[in-house]
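Some notes on the structure that comes next.
The values are calculated or read from the model by the stated rules, or taken from the named source; none is laboratory data. The structure displayed is predicted, hence computed values, not measured ones. Every residue, glycine among them, receives a Cβ derived from its backbone with ideal geometry; neighbour counts consider all protein chains shown. Just the protein is used for accessible areas: all its heavy atoms, side chains included, with ligands, DNA and RNA removed. Shrake-Rupley method; radii C 1.70, N 1.55, O 1.52, S 1.80 Å.
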Amino acid sequence: MTEMAQTSHDTMPVKRRSRLSKALGNKKLVRGFTAICVFLLFWEIGARWEGWFGYALPWIGLIPPPSAVAAAATEVVTKVGYWLSWVDSFKRVMVGFLVAQLLGIPFGLALAVNKYFRGIFFPPFEILRPIPPLAWVPASLIFWPTNEMSIAFVTFLGAFFTVVINVLGGARAIDVRYLRAAQSMGASQWHLFSKIILPGTLPSIFTGAAVGMGITWEVVLAAEMISGGGTQAGGGLGFFIWNSFMGGSLEQVVVGMISIGIAGYLCSSAVRMLGDHFMPWRRLF
Amino acid sequence: MATAKKKPAAKKRPAPETAKTAKAGIRSDQSRLELKNVSKGYGDEWDFEQVLGNLSLELEPGKLTVVVGPSGCGKSTLVNLIAGFEKPDTGEIVLDGSKVTGPGKDRMVVFQETALMPWQTTYQNIVFGPKLRGDLTGQALHDEAVRLIEKVGLAEFRDKYPLQLSGGMQRRAELARALINDPRIMIMDEPFRGLDAMSRELMQEFFLKIFEENRRTQVFVTSEIEEAIFLADRLVILSNKPAEVRKIIDIDLPRPRDFTMMSSPEAYRYKREAMEILHEEAMKSFVDQAGASGFMEAYSKANA
Ligand SMILES: Nc1ncnc2c1ncn2[C@@H]1O[C@H](COP(=O)(O)OP(=O)(O)OP(=O)(O)O)[C@@H](O)[C@H]1O
Ligand SMILES: [Mg+2]
């Protein structure tokens, strides 16, 4: 019977198909929701195992159950400090991310289009690039007068190298046929840059931005944990987690972790949306 | 890009003419391109590969010259030289009396694979050249673009991106993009390679129709002998690498052409002649690799 329903769906005219695909989308949503519920259920059972059966499950038994996390969360969200942590981390991520884009995109493009520039700047860049951002933390703590600036610097570095490598790779991979076609049609050097290289590199710019955004969050949180965040109570989400850990509130640690997941998701969605906006030819399918 | 030579201001697009009047004589807007003793190689002194060796060829005004040759013999290299993307090592290329020194809008190339900018719609791709140069603007540009888009049958796909077009549509869009620049020479490098047989035939007919309308000097590179004979006024067969002109066959099939002509005895005769020469050239490249096959033989024996 389901098979018959299936075939009748398949032969439906185009107009009906959009509804079918909507239903499919919903099905996906339902499936995702179910999966999360099942996951939470297992987590709850696993975490409460000890209370019910007298012995703890190896790994999961050490984590607070979701219900306790939820309880902690409802309490935490009423506190200003928690939201200040968001603001602090967001600010740091944005500063590091934006500066990395502002410097990294032109730098990558310059590396791509000018071989003298590449000859001079690429070797030192390649030597510095493999150094993990967090390895810069001590140096930048000495280097910069304030904690805040050190964090910003390390965050910037984390995204910068990724941005540059993506932009450089993307710009170098542009098919010579586009450049040649444009040359035939009378394009000047500036036209080649603005009409071919720039739009041709956009996809890589956004790939770099998406990856860079992820790295920025990682670095910000790690830097906040290492440096102890700011001096105020709200030292960022990394500090929030660290502080909760030191205070022995595992529930709050988990709340912090989930907050970071949400924050990261929001940021990468924003990057994706911007990408869709600036590259309409990439959202055709 | 520096086109170096300043030719008299762009000639007006010729009004569509019938094949008959066009055949009567050479019009002043039909250009002649000559390659004089052109050679070209790639690589350095240790690993040098001569691709074109002393090639001389004339693209006669108003004629559709089709170039065929064994795979990898240097046909695209020839196209790159004519278009001005690359410079010959020796010899020169002369368009209507002035030397070609770089790319220019007087020579438009339709490439082997699509070179439509993926980030521009069909319409944006087509107006790209005139808009850059500013030699056709505003309503005039718009009207011309729309005229060409309709001519190539893409009215409905005006605002679609290249990736949304089928292979055949992409080729037509590209044709329109070249035509709007009103080039003196059209250069096609295996433009229909990769299309399925049906679209390929349609594109050939469509392309011929456009050519026969105003007989702009054309060079068309292909590796399909059937296609070559169907399209050509003159069929140029290149030798194996380093490529030279091995043979020129004048194809005297009447125009306008259609596919039924391909089953005529003349067409068959042309085909036989061309095939024989191409076969010979292909065999030569086979013999060139005898060293390698000798090694293979010895190797297989050692392993027996
Ligand atoms: N930019 C380049 N650098 C080095 N070698 C090149 C370059 N362009 C072409 N060649 C070499 O020149 C030879 C001819 O290449 P070309 O693309 O002109 O052949 P073709 O006849 O167009 O081949 P096909 O039938 O595959 O299109 C090949 O051996 C190729 O390796
Ligand atoms: Mg080729």
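Would you tally the residues in region B:75-105 being in a loop (DSSP other than H, G, I, E, B) and either more than 9 Å from chain A (Cβ to nearest Cβ) or within 13 Å of ligand 1 (Cβ to nearest atom) (or both)?
9
Among the numbered criteria (1) within 20 Å of residue B:58 (Cα to Cα); (2) modelled with pLDDT of 95 or more, which single criterion is violated by residue B:91?
In the conditions (1) within 20 Å of residue B:58 (Cα to Cα); (2) modelled with pLDDT of 95 or more, residue B:91 misses (2) alone.
Answer yes or no: is there a residue in region A:147-165 that is of a type in the set (Asp, Glu) and more than 9 Å from chain B (Cβ to nearest Cβ).
So far as region A:147-165 goes, yes, one or more of its residues are of a type in the set (Asp, Glu) and more than 9 Å from chain B (Cβ to nearest Cβ).
Of the conditions (1) more than 27 Å from residue B:61 (Cα to Cα); (2) in the same structural domain as residue B:84 (by TED's automatic domain parsing), residue B:156 fails just one. Which one is it?
(2)
State yes or no: is residue B:191 within 16 Å of ligand 2 (Cβ to nearest atom), open to solvent by less than 20 Å² (accessible area, probe 1.4 Å) and touching a strand residue (DSSP E or B) at 6+ places or on another chain (Cβ under 7 Å)?
Criteria met by residue B:191.
What's the number of the only condition in (1) within 16 Å of ligand 2 (Cβ to nearest atom); (2) crowded, with 23+ Cβ neighbours inside 10 Å; (3) away from every other protein chain (no Cβ under 14 Å) that residue B:64 fails to meet?
(1)
Take region B:263-304 and flag every residue that is at pLDDT 90 or above, under 26 Å from residue B:202 (Cβ atoms), open to solvent by less than 60 Å² (accessible area, probe 1.4 Å) and aliphatic (A, V, I, L, M).
B:267, B:274
I'd like to know if region A:179-189 contains one or more residues that are in contact (Cβ under 8 Å) with a residue 12 or more places away in the chain and either more than 10 Å from chain B (Cβ to nearest Cβ) or among the polar types (S, T, N, Q) (or both).
Within region A:179-189, not a single residue is in contact (Cβ under 8 Å) with a residue 12 or more places away in the chain and either more than 10 Å from chain B (Cβ to nearest Cβ) or among the polar types (S, T, N, Q) (or both).
Restricting region B:149-184 to residues that are under 22 Å from the mean Cα position of the chain (by Cα), within 13 Å of chain A (Cβ to nearest Cβ) and of a type in the set (S, T, N, Q), which is farthest from ligand 1 (Cβ to nearest atom)?
It comes out as B:181.
Among the residues that make up region B:82-90, is at least one of them over 20 Å from residue B:171 (Cα atoms), touching a residue at least 60 places away in the same chain (Cβ under 8 Å), open to solvent by 10 Å² or more (accessible area, probe 1.4 Å) and more than 13 Å from ligand 2 (Cβ to nearest atom)?
No, region B:82-90 contains no residue that is over 20 Å from residue B:171 (Cα atoms), touching a residue at least 60 places away in the same chain (Cβ under 8 Å), open to solvent by 10 Å² or more (accessible area, probe 1.4 Å) and more than 13 Å from ligand 2 (Cβ to nearest atom).
Does region A:159-182 contain any residue that is open to solvent by 30 Å² or more (accessible area, probe 1.4 Å), in a helix (DSSP H, G or I), more than 23 Å from residue A:279 (Cα to Cα) and in the same structural domain as residue A:238 (by TED's automatic domain parsing)?
no
Would you check which residues across region B:165-223 are closer than 24 Å to residue B:123 by Cβ and part of a strand (DSSP E or B) and list them?
B:186, B:187, B:188, listed by residue number.
Six or more apart or on different chains, Cβ atoms under 6 Å: show the pairs whose first residue is in region B:109-137 and away from ligand 2 (no atom under 16 Å from the Cβ) and whose second is open to solvent by 10 Å² or more (accessible area, probe 1.4 Å) and among the small types (Gly, Ala, Ser).
Every condition considered, the pairs that remain are B:132/A:186; B:133/A:186.
What number goes with the only condition from (1) in a helix (DSSP H, G or I); (2) in contact with a helix residue (DSSP H, G or I) (Cβ under 9 Å, 6 or more places away or on another chain); (3) within 14 Å of another protein chain (Cβ to nearest Cβ); (4) open to solvent by less than 40 Å² (accessible area, probe 1.4 Å) that residue A:194 does not pass?
Looking at each condition in turn, residue A:194 falls short on (2).
Considering only region A:104-134, state which residues are under 13 Å from residue A:205 (Cβ atoms) and open to solvent by 30 Å² or more (accessible area, probe 1.4 Å).
Of everything in region A:104-134, those that are under 13 Å from residue A:205 (Cβ atoms) and open to solvent by 30 Å² or more (accessible area, probe 1.4 Å) turn out to be A:105, A:106, A:107.
Quick one: which residue in B:199, B:223 is within 16 Å of ligand 2 (Cβ to nearest atom), touching a residue at least 24 places away in the same chain (Cβ under 8 Å) and open to solvent by 10 Å² or more (accessible area, probe 1.4 Å)?
B:223
If you check B:187, B:225, which single one turns out to be within 16 Å of ligand 1 (Cβ to nearest atom) and not assigned by TED's automatic domain parsing to the domain that holds residue B:71?
The conditions single out B:187.
If the Cβ limit is 7 Å and pairs must be 6+ apart or interchain, which residue in region A:50-63 that is without any contact (Cβ under 8 Å) to a residue 24 or more places away in the chain pairs with which residue that is surrounded by 10 or more Cβ atoms within 10 Å (Cβ to Cβ) and among the aromatic types (Phe, Trp, Tyr)?
Partner pairs satisfying both residue conditions: A:56/A:49; A:57/A:49; A:60/A:43; A:61/A:49.
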